[in-house]
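The values are calculated or read from the model by the stated rules, or taken from the named source; none is laboratory data. All of these numbers come straight from a predicted model, not from anything done at the bench. Here the Cβ positions follow ideal geometry from the backbone for every residue, glycine too, while neighbour counts run over all protein chains shown. All accessible areas refer to the heavy atoms of the entire protein, side chains included, with ligands and DNA or RNA removed. Shrake-Rupley method; radii C 1.70, N 1.55, O 1.52, S 1.80 Å.
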Amino acid sequence: MDVIGADRAEPVVVERAAGAGGELVLRRAGADYEIISNGMFLMDTRNGESERLLVRAAVDATLATGGNAEPVRVLIGGLGVGFSLAEALSHPAVGHVTVVEREPAVAAWHAGPLRPWSRGGLDDPRTALVLADLLDVLADLLDVVATPPSAGTGPADVFDAVCLDIDNGPDWTVTPGNARLYGPHGLDLLAGRLSPRGTLAVWSAGAAPGFADLLASRFASVEALPVPVPRGEPDMVYLARRPRPEPEPAPADRPRPDGSADHAFGAR
């Protein structure tokens with residue numbers, strides 16, 4: 001993400017929309033566009049290097065893990081201005097892309113002003129667009145994702161690359177509810193949608209050490225990739241692979257044959 005500078009063209013409002021997370025505004029500033037959420041700058045079309053890396057690194061890591069004979073299935077959380085979708089569809093190994101976007105207005109803008117940056121990716125037959133909250137989709141994905149192509153792309157609820165670009169990342173969310181995605185429960189849901197060769201990639205507007213530690217507690221392999229931006233601290237892309245097994249419940253919490261359970265504070 002780049003920071004708006006005073007040397008840029010004065011933004012002009014193209015459209016305002018009431019979204020699931022509050023007011024969304026699409027602005028034009030010279031040749032570029034900006035998306036504002038509840039008065040806060042969210043993203044623009046000026047520099048998409050970190051968003052492209054998010055997808056490219058995830059797909060390449062998946063291929064390096066092995067089993068690269070099958071087309072890669074990609075899940076993108078957050079359509080944004082379209083850099084991630086365009087990058088996924090340009091990768092020769094990608095066979096199908098599911099994009100989950102909560103805001104209908106953002107998707108609609110890709111039929112108009114933002115179409116050049118997504119390169120018309122929503123019209124690609126390999127793309128399935130799901131207008132929903134990503135947490136809801138992760139919890140019940142089989143019921144909402146369009147049936148994928150039949151050419152060896154695997155189950156509809158499992159992905160080889162899960163790319164998360166929601167809000168400004170784990171440490172700076174404009175919409176409070178989005179923070180749930182970056183917590184233990186959200187990571188469990190994300191890990192549960194990865195294929196055995198799969199990679200989770202998470203975009204962040206800056207380093208998020210606490211989140212990196214949380215990833216390391218849930219995944220055996222975690223890598224942080226800094227991406228320089230024209231102003232401010234670098235964007236970060238976190239890659240996580242090989243989910244660790246979820247811990248077994250403590251013996252005191254395991255149910256008895258009669259359906260009851262011991263608890264540490266009450267067991268005898």
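Descriptive notes on the structure:
- Test for residue 210: is it surrounded by 17 or more Cβ atoms within 10 Å (Cβ to Cβ) and either more than 15 Å from residue 138 (Cα to Cα) or in contact with a Leu (Cβ under 6 Å, 6 or more places away or on another chain) (or both): no
- Residue match in the stretch 128-143 (condition: over 18 Å from residue 77 (Cβ atoms), modelled with pLDDT of 95 or more and touching a helix residue (DSSP H, G or I) at 6+ places or on another chain (Cβ under 6 Å)): no
- Residues of the stretch 144-181 that turn out to be buried (at least 22 other Cβ atoms within 10 Å of the Cβ), at pLDDT 90 or above and either on the phi > 0 side of the Ramachandran plot or not charged (D, E, K, R) (or both), as a count: 5
- Within the stretch 101-128, the residues that satisfy the criterion of being part of a helix (DSSP H, G or I) and of a type outside the set (Ser, Thr, Tyr) are 104, 105, 106, 107, 108, 109, 115, 116, 117, 121, 122, 123.
- Leading residue by the ranking (nearest to residue 137 (Cα to Cα)) among those in the stretch 81-105 that are touching a Leu at 6+ places or on another chain (Cβ under 9 Å) and of a type in the set (Ser, Thr, Tyr): 98
- Filtering the stretch 220-233 to residues that are open to solvent by less than 60 Å² (accessible area, probe 1.4 Å), more than 18 Å from residue 163 (Cβ to Cβ) and not β-branched (Val, Ile, Thr) leaves only 220.
- Any hit, the stretch 20-27, residues being surrounded by fewer than 23 Cβ atoms within 10 Å (Cβ to Cβ), basic (Lys, Arg), in contact with a Phe, Trp or Tyr (Cβ under 8 Å, 6 or more places away or on another chain) and over 19 Å from residue 158 (Cβ atoms): yes
- Qualifying residue in the stretch 80-88 (condition: of a type in the set (A, V, I, L, M, F, W, C) and touching a residue at least 60 places away in the same chain (Cβ under 8 Å)): yes
- Filtered by the rule that a residue be hydrophobic (A, V, I, L, M, F, W, C) and over 17 Å from residue 238 (Cα atoms), the stretch 64-87 gives 69, 72, 79, 81, 83, 85, 86.
- Tallying residues that are assigned to a loop (DSSP other than H, G, I, E, B) and without any contact (Cβ under 8 Å) to a residue 40 or more places away in the chain within the stretch 176-211 yields 4.
Residue by residue, here is whether (1) in a loop (DSSP other than H, G, I, E, B); (2) β-branched (Val, Ile, Thr); (3) buried (at least 20 other Cβ atoms within 10 Å of the Cβ); (4) touching a Pro at 6+ places or on another chain (Cβ under 6 Å) holds:
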{"site": "15", "(1), (2), (3), (4)": "no, no, no, no"}
{"site": "36", "(1), (2), (3), (4)": "no, yes, yes, no"}
{"site": "52", "(1), (2), (3), (4)": "no, no, no, no"}
{"site": "64", "(1), (2), (3), (4)": "no, no, no, no"}
{"site": "84", "(1), (2), (3), (4)": "no, no, yes, no"}
{"site": "95", "(1), (2), (3), (4)": "no, no, no, yes"}
{"site": "99", "(1), (2), (3), (4)": "no, yes, yes, no"}
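- In summary, residue 71 fulfils each of the numbered conditions (1) over 18 Å from residue 203 (Cα atoms); (2) surrounded by fewer than 18 Cβ atoms within 10 Å (Cβ to Cβ) with the single exception of condition (2).
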